[in-house]
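Here the structure comes first, spelled out in structure tokens, and everything after it is commentary.
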Amino acid sequence: MRLEGKVAIITGGSKGQGAAEARMFAREGAKVVLGDVLDDIGSRLVAEIVEAGGDATYVHLDVTNENDWRHAVATAVDTYKTLNVLVHNAGIWRRGDFEDTSMDLYDEVMNINVTGVFIGTKLTIPEMRKAGGGSIIIISSTGGLVGYSDNAVYSGSKGAVRLFAKSAAIQYGNDGIRVNSLHPGAIDTDMGDQVWPDSKSRAKTINNSLVGRLGIPDDIAYGAVYLASDESSFVTG
């Protein structure tokens with residue numbers, strides 16, 4: 001019950017890392033507002049969490065849509081009376097070097113991976129301030145720390161939210177609001193299947209791993225639980 005009494009919004013929560021976070025947050029006592037555009041999958045996951053004894057609510061949330069964000073925040077506050085945690089998990093990966101990347105693809109990646117983080121942070125800050133503080137967790141990537149040759153725009157988007165987290169941490173620290181980014185490496189999810197489409201590329205990635213395996217969604221969820229909990233009250237930026 002490390003998150004008992006906390007209310008959390010998790011974006012992109014229907015599958016992959018987001019689903020793992022939602023399940024783990026609920027097991028640790030948080031009330032979870034799960035947001036996604038995959039309504040059927042998300043609703044089934046919420047039903048699973050509730051059946052297991054957790055407390056969760058589903059909202060349709062396109063992170064690029066400000067009205068969807070307003071609805072998600074209002075749902076959290078109306079249903080659970082407060083908002084303490086926001087996990088920016090929603091994100092997409094697209095392959096392509098600079099010359100191969102169209103403006104439509106560029107806009108798609110940046111709107112979901114960066115603009116969505118900005119809108120959600122902007123609209124949750126006032127409610128966290130009312131609550132006396134909170135924790136905002138941005139799922140970035142190792143691509144936000146170093147460049148990669150085949151996904152220039154994705155790496156750029158994840159680097160952007162890394163610095164976004166640091167700036168927000170500085171601005172809102174005095175309000176008791178902590179902002180951090182997590183930087184997963186190779187995680188075995190549906191997105192990973194796009195990155196490693198065949199056995200050869202998958203084996204190469206595993207061989208490059210210092211622990212000899214791909215990560216699993218729970219590996220990231222444990223980090224998110226820590227950052228959402230009071231155990232990390234001195235960790236920000």
Filtered residue count, the stretch 86-112, keeping only those that are touching a residue at least 12 places away in the same chain (Cβ under 8 Å) and exposed (fewer than 14 other Cβ atoms within 10 Å of the Cβ): 2
Conditions (1) exposed (fewer than 11 other Cβ atoms within 10 Å of the Cβ); (2) among the polar types (S, T, N, Q); (3) not in a helix (DSSP H, G or I); number of the one not met by Asn207: (3)
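Yes/no per residue for (1) free of Cβ contacts under 8 Å to residues at least 24 places away in the same chain; (2) out of contact with any His (no Cβ under 9 Å at 6 or more places or on another chain):
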| residue | (1), (2) |
| --- | --- |
| Ile138 | no, no |
| Gly147 | yes, yes |
| Ala160 | no, yes |
| Arg178 | no, yes |
| Ala203 | yes, yes |
| Arg213 | yes, yes |
| Asp219 | no, yes |
| Leu227 | no, yes |
| Gly237 | no, yes |
Qualifying residues in the stretch 130-143 (those that are farther than 25 Å from Thr82 by Cβ and modelled with pLDDT of 90 or more) - the one nearest to the chain's Cα centre (by Cα): Ser140
Number of the condition not met by Leu83 [criteria: (1) more than 30 Å from Ser149 (Cα to Cα); (2) of a type in the set (A, V, I, L, M); (3) open to solvent by 20 Å² or more (accessible area, probe 1.4 Å); (4) in a loop (DSSP other than H, G, I, E, B)]: (3)
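Okay, residues lined up against (1) in a helix (DSSP H, G or I); (2) touching a helix residue (DSSP H, G or I) at 6+ places or on another chain (Cβ under 6 Å):
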site: Asp62; (1), (2): no, yes
site: Ala72; (1), (2): yes, no
site: Asp100; (1), (2): no, no
site: Leu105; (1), (2): yes, no
site: Val109; (1), (2): yes, yes
site: Val117; (1), (2): yes, yes
site: Ser155; (1), (2): yes, yes
site: Arg162; (1), (2): yes, yes
Positions within the stretch 212-237 being surrounded by 16 or more Cβ atoms within 10 Å (Cβ to Cβ) and not in a helix (DSSP H, G or I), in sequence order: Leu214, Gly215, Ser229, Thr236
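The values are calculated or read from the model by the stated rules, or taken from the named source; none is laboratory data. All values derive from a computational prediction rather than experimental measurement. For neighbour counting, all protein chains shown are included, and Cβ atoms are generated from backbone atoms with ideal geometry for every residue, glycine included. Please note that ligands, DNA and RNA were not included when accessible areas were found on the heavy atoms of the full protein model with its side chains. Shrake-Rupley method; radii C 1.70, N 1.55, O 1.52, S 1.80 Å.
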